[in-house]
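Below is one structure; the comments refer to it alone.
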Amino acid sequence: MSRRFTLMYIPDSGKQVRRLLISHRLLVSALVAVLLCTALLGYVVADYFRLQLDQEQFNQLLVENSEQRQQLGQMSRDLNGLRHEMIVLAESDARVREALSPTTENLVTVPVGIGGAIDTSTADMTELQKQINSLRLAIDLRRESQEEVRNLLNDKHSLASATPDGWPTKGWLTSYFGMRSSPYTGRRKMHEGLDIAANTGTLVTATADGVVVKATTEPGFGKVVMIDHGYGYRTIFGHNSKLLVKAGTRIRRGDRIAEVGNTGRSTGSHLHYEVRLNGVPIDPRKLL
Ligand SMILES: [Zn+2]
């Protein structure tokens with residue numbers, strides 16, 4: 001047996017009163033329906049606000065995206081600038097290398113190693129990363145090349161300072177390199193150096209950097225100095241009156257090493273100057 005409710009509608013006087021019989025089940029169903037509707041409405045309203053929020057975030061993201069695109073464009077322009085500077089560097093590097101070694105046989109040819117320019121309007125992160133990698137490679141290559149150039153310069157510098165150059169004393173040539181009649185025996189004999197006549201006591205200076213390997217007195221050369229310059233070069237200074245260095249002394253070109261004299265087998269005050277390359281006497285006149 002179901003309970004029932006009665007809903008009464010009482011209008012203004014003179015009109016009929018209306019009654020409505022409502023079963024308990026109907027009332028419960030109506031309540032459930034109202035609750036469901038409320039929940040649905042709540043959900044819809046919440047969803048609406050959520051969408052509203054999403055839209056805001058979306059707009060914000062759009063703004064950020066546009067900003068980042070601009071930054072990306074700027075970055076790719078910067079990268080293009082760097083790339084251009086790298087090319088300029090590579091070109092000047094190539095000129096230095098060519099000037100140092102026109103035949104380039106001493107140098108491993110180092111390529112420029114730079115990719116093409118980026119299209120700054122369509123640049124994306126992958127493209128930028130590629131460009132950065134390429135620049136990094138180019139920088140490594142430049143570094144390698146600079147190292148080579150530095151070594152080559154050092155070598156050239158060392159060779160230049162080790163090669164005898166200039167006059168070892170102030171005087172005048174009295175005897176050349178080559179076959180000549182010996183002043184003692186009259187027989188033709190090889191003269192393996194230059195004789196430079198000068199007053200006794202005139203300074204004798206080294207003609208290249210090196211180390212004194214001999215500073216002693218010998219029957220032939222008298223008081224003699226021998227300097228090793230490396231690269232196969234040695235110089236010999238004979239007939240001195242006085243030695244100013246000892247074996248083992250490090251010598252720079254222009255350092256005073258002796259004074260001219262007339263010691264050993266000599267017929268007058270002069271310097272016997274000899275240059276040897278890999279043990280073979282060469283004509284020092286080519287190096288004066
Ligand atoms: Zn001589």
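The values are calculated or read from the model by the stated rules, or taken from the named source; none is laboratory data. These numbers were taken from a predicted model, which means no experiment stands behind them. Neighbour counts run over all protein chains shown; Cβ positions are idealised from the backbone, glycine included. Keep in mind that these areas ignore ligands, DNA and RNA; they rest on the heavy atoms of the full protein, side chains included. Shrake-Rupley method; radii C 1.70, N 1.55, O 1.52, S 1.80 Å.
What the table below lists for this structure:
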read-out: Cross-link pairs 156/242; 156/214; 189/214 - those with Cα-Cα distance over 30 Å; value: 156/242
read-out: Chymotrypsin sites (Phe, Trp or Tyr not before Pro), loop per DSSP, at most 16 other Cβ atoms within 10 Å - longest free stretch of the chain; value: 1-175
read-out: Difference of contour (0.36 nm per residue) and Cα-Cα distance, residue 24 to residue 98; value: 16.0 nm
read-out: Accessible-area ranking of 15, 189, largest first, probe 1.4 Å; value: 15, 189
read-out: Computed over the chain: relative contact order in percent, which uses C-alpha pairs under 8 Å that are six or more apart; value: 12
read-out: Residues of the chain: accessible area per residue with a 1.4 Å probe, Å²; value: 67
read-out: Full-stretch length increase - residue 78, residue 174 - with 0.36 nm per residue and alpha-carbon distance subtracted; value: 27.6 nm
read-out: Accessible area of the chain belonging to carbon and sulfur atoms, whole % at 1.4 Å probe; value: 56
read-out: Relative contact order of the stretch 4-66, defined on C-alpha pairs under 8 angstrom at six or more residues apart (%); value: 21
read-out: All-pairs Cα distance distribution in the chain, expressed in whole percent, bin size 5 Å; value: 1, 5, 8, 8, 7, 6, 4, 4, 4, 4, 4, 4, 4, 4, 3, 3, 3, 2, 2, 2, 2, 2, 2, 2, 1, 1, 2, 2, 1, 1, 1, 1, 0, 0, 0
read-out: Farthest positive-ward along the stretch 4-66 dipole, Cα basis, beta-carbon charges - from 35, 13, 23; value: 13
read-out: Inter-probe distance in nm under a simple model that places probes 7 Å from Cα toward Cβ, at residue 265 and residue 60; value: 10.3
read-out: Net charge dipole size for the chain [Lys, Arg +1 and Asp, Glu -1 on Cβ; Debye, nearest 20]; value: 680
read-out: Of the trypsin sites (Lys or Arg not before Pro) in the stretch 231-288, those whose Cβ has at most 11 other Cβ within 10 Å and which sit in DSSP loop; value: 246, 252
